[in-house]
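A quick write-up on the structure given underneath.
The values are calculated or read from the model by the stated rules, or taken from the named source; none is laboratory data. Please read all numbers here as calculations on a predicted model, not as lab measurements. Here the Cβ is made from the backbone with ideal geometry for all residues, glycine too, and neighbour counts use every protein chain on show.
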Amino acid sequence: MKAIGNTKLKTAFTLVELLVVMAITAIMLGLLLGPMLQSFNFTRRVQRVAQAQDVARDLMETISREIADAAYVFDNSRVLNPVVTSNPVNDATLRFDLIDRQGNPATFYLPYTKIDFVLPERVTPVSTGVTDPTDGSDYVPPDRRVGKPPLLPVLAGRTVVRYFIARRDPSRPYSNRNEQLLATAALDNPYVLWRAQFVLYERNGNGNFVPNTRLFKLDANGQPIIDEPGFFYDTSTAPNGKSYMQNWLEVSRPVTEVEDIDLVNVQYDPRTGQIVQVTPLIQFLPGLVTDDPAVPTTLSDAANEVPNAVPTVYTTKKGGWSHPFVITVYRNGFATVYMTGSVGNQLMVARGAADAFRFNITAYQMMEAAGCYDEGTWDAGVCSSLPDPWIQGSGSWERNPASLDAPYPYLPFNIDPRSGAVNFAIPAVAVFRPGERPVFEYLARNTQVDESGRRYLLLSEPDINNTASNNRQSPLRLLQTVSIVPGSERIWGPDQTTPPGVEPRLVPYTRVPWNVTPGPNQYRINYRGTSGGHPTLQTGYVEFWSQWQIPSGTRGDGTPYDLLRITYAIQANTESDVVKVDYMTRSQYTVAINIKLYDPTTGDPLLMALTTQVRVRNLLR
């Protein structure tokens, strides 16, 4: 009989046991991997936030340094119309072409998305004769380029830098898969910040400076059109045979080269998918100054000789005004007398009465620039075609003292935004119609002699050019609230030292103080007096040498020997007037940088915002 030994049985996990083990393992892995994945995603999010911070800081440092060193900053704030999609605004804005969530195109014009400034000259102005092909400026040798500080006092160079927001690829439409549900482009094409460096004028083959037509089209006067909303997307052909877009790409480079950055914030209507608002994330805003009391001063030492002389010029704390700016004049207990504002691209000083005149500062400046108030450059044909600075709401063009002085006094003034000055001195001939001779002419034979034997002339009387057709009255008669600006008068007359029988030369006369009796070729004048009473008390009283023997005869050019030619400026402000100015200034910029990146996991936008004030140290007034 065989003995039977013990046999060891081999067992395995049952199916239930395996399932239990797998379930426990899955739970453990889930408990471990979940936090790991969350921490990984959080780390990536933090990395994106840190990246946005670095980009914002680097941009802020670079842009602030360049703007602060600029020798000149172009006005980028001429916003004239509301920001709407159907109406292009002004030339200082930039065009943004977008696509809504229904696939329809939409165009917006956004202000403060571009800034142009001139770099200071860093080398001697003497030309090297070699042109830098990258931007058209004069070539600077390396030994004079590296670390070279700007010349002091600062000189404006020829190189212009432009920062602007544009699409990464200007030839393709806007695309951002994080914002657009219908985006199908293989690569996003968002809006990024660009930097261009160029010259407005370059040398031609003869060495003369001509407009840079590779980048800019020319206006009717042959000058480059600096501001153009769609300059970066212009596919028309430039004179060099390339498109303007290609030429701009050659002098520009993106400065925010991050994978999924976008510098516009688009808000959509959740119901229709249409774009309701577009906000640029980088803006260059001129500094805002409110309630700046302008400081009164005068432009001539002659005012020191006049008791209680009225200031003619009021200057603000900062220059480089940008639109919009408002000048308010207070009088009689700080009641508002006049206020300027931007109305249809024309700065005006308006009267309250319907039939009263409005003084159009823009039209006045056009006449002044054309030399219409200076006989040396006066051209009747040119001046007669320019707009009249005086616009009347209703009634005739006849200057009526009653309507001019009611309900408020006559108060025109000129402005100089670059220097930050309000100037109340206006040429007296500015009250005439465009095209009229810009000088007052009198005849010495018509001067009068008072009871004391003093020979005098009243500038409030009409001159010899007054006719029934032009009603050329003196502004001192028409505008009874004005006075003559001290030191502004210029008087020419026959040389009073000429012997009898000799043709007298036309010479300038010299003013003497009021307490001095005039001698030959001298005069004294009452700048601010009354509108009536004794002649010596009246505004515009001019006294000549009392022993003057008036010559008679005619010169070869047909002018009489005794011709007196007089020009002067008038002012209508009073010594108690207070001038307040609210303005934006290019001497100080607010640089607002918002960097928007996207969470790599969720696609949510991540925003980093920095804002700083930059003072343009070298801006000349």
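Considering only region 580-591, I want to know if a residue exists there that is of a type outside the set (Phe, Trp, Tyr), in contact with a helix residue (DSSP H, G or I) (Cβ under 9 Å, 6 or more places away or on another chain), surrounded by fewer than 22 Cβ atoms within 10 Å (Cβ to Cβ) and assigned by TED's automatic domain parsing to the domain that holds TRP492. No, region 580-591 contains no residue that is of a type outside the set (Phe, Trp, Tyr), in contact with a helix residue (DSSP H, G or I) (Cβ under 9 Å, 6 or more places away or on another chain), surrounded by fewer than 22 Cβ atoms within 10 Å (Cβ to Cβ) and assigned by TED's automatic domain parsing to the domain that holds TRP492.
Would you call LEU564 crowded, with 20+ Cβ neighbours inside 10 Å, in contact (Cβ under 8 Å) with a residue 12 or more places away in the chain, touching a helix residue (DSSP H, G or I) at 6+ places or on another chain (Cβ under 7 Å) and closer than 30 Å to GLU503 by Cβ?
yes
Against the numbered list (1) closer than 23 Å to SER552 by Cβ; (2) surrounded by fewer than 14 Cβ atoms within 10 Å (Cβ to Cβ); (3) of a type in the set (A, V, I, L, M, F, W, C), LEU506 comes up short only at (2).
Of the numbered criteria (1) modelled with pLDDT of 80 or more; (2) part of a loop (DSSP other than H, G, I, E, B), the one TYR410 fails is (1). Screening region 259-289 for residues that are closer than 19 Å to PRO105 by Cβ and assigned to a loop (DSSP other than H, G, I, E, B) and picking the one that is modelled with the lowest pLDDT gives GLY273. Give the residue, chosen from VAL289, VAL313, VAL255, that is under 27 Å from ILE99 (Cα atoms), in contact with a strand residue (DSSP E or B) (Cβ under 6 Å, 6 or more places away or on another chain) and surrounded by 13 or more Cβ atoms within 10 Å (Cβ to Cβ). From the options VAL289, VAL313, VAL255, the qualifying one is VAL255. Listed here are the strands (runs of 3 or more DSSP E) enclosed by region 414-474 that have at least 2 residues being surrounded by fewer than 21 Cβ atoms within 10 Å (Cβ to Cβ) and more than 35 Å from the chain's Cα centre (by Cα): 440-443, 455-458. Taken over region 592-621, residues that are touching a helix residue (DSSP H, G or I) at 6+ places or on another chain (Cβ under 6 Å), in a strand (DSSP E or B) and more than 27 Å from PRO120 (Cα to Cα) amount to 4. What number of residues in region 507-549 are under 43 Å from the mean Cα position of the chain (by Cα), closer than 20 Å to ASP562 by Cβ and either assigned to a loop (DSSP other than H, G, I, E, B) or of a type in the set (A, V, I, L, M, F, W, C) (or both)? Residues in region 507-549 being under 43 Å from the mean Cα position of the chain (by Cα), closer than 20 Å to ASP562 by Cβ and either assigned to a loop (DSSP other than H, G, I, E, B) or of a type in the set (A, V, I, L, M, F, W, C) (or both): 5 in total. Here ASN104 fulfils each of the conditions (1) at pLDDT below 70; (2) surrounded by fewer than 16 Cβ atoms within 10 Å (Cβ to Cβ); (3) not small (Gly, Ala, Ser) apart from (1).
Scanning region 238-258 for residues that are polar (S, T, N, Q) and assigned to a helix (DSSP H, G or I), we see that the one that is farthest from the chain's Cα centre (by Cα) is GLN246. Filter region 58-71 down to the residues that are farther than 14 Å from LEU193 by Cα and of a type outside the set (Asp, Glu), then identify the one that is surrounded by the fewest Cβ atoms within 10 Å (Cβ to Cβ). Step by step, filter region 58-71, then rank; the result is ARG65. No other residue among MET348, MET367 is buried (at least 18 other Cβ atoms within 10 Å of the Cβ) and either modelled with pLDDT under 50 or not in a helix (DSSP H, G or I) (or both) apart from MET348. Considering the conditions (1) surrounded by fewer than 17 Cβ atoms within 10 Å (Cβ to Cβ); (2) modelled with pLDDT under 85, VAL79 is excluded by exactly one of them, (1). Restricted to region 209-237, and to residues that are assigned to a loop (DSSP other than H, G, I, E, B) and of a type in the set (A, V, I, L, M, F, W, C), which residue is surrounded by the fewest Cβ atoms within 10 Å (Cβ to Cβ)? Taking the candidates together, the pick is ALA220.
Is it the case that PRO173 is surrounded by fewer than 16 Cβ atoms within 10 Å (Cβ to Cβ), closer than 21 Å to LEU607 by Cβ and either hydroxyl-bearing (Ser, Thr, Tyr) or at pLDDT 85 or above (or both)? The answer is no for PRO173. Return yes when SER474 is on the phi < 0 side of the Ramachandran plot and out of contact with any strand residue (DSSP E or B) (no Cβ under 8 Å at 6 or more places or on another chain) and no when it is not. Spelling it out, it is not the case that SER474 is on the phi < 0 side of the Ramachandran plot and out of contact with any strand residue (DSSP E or B) (no Cβ under 8 Å at 6 or more places or on another chain).
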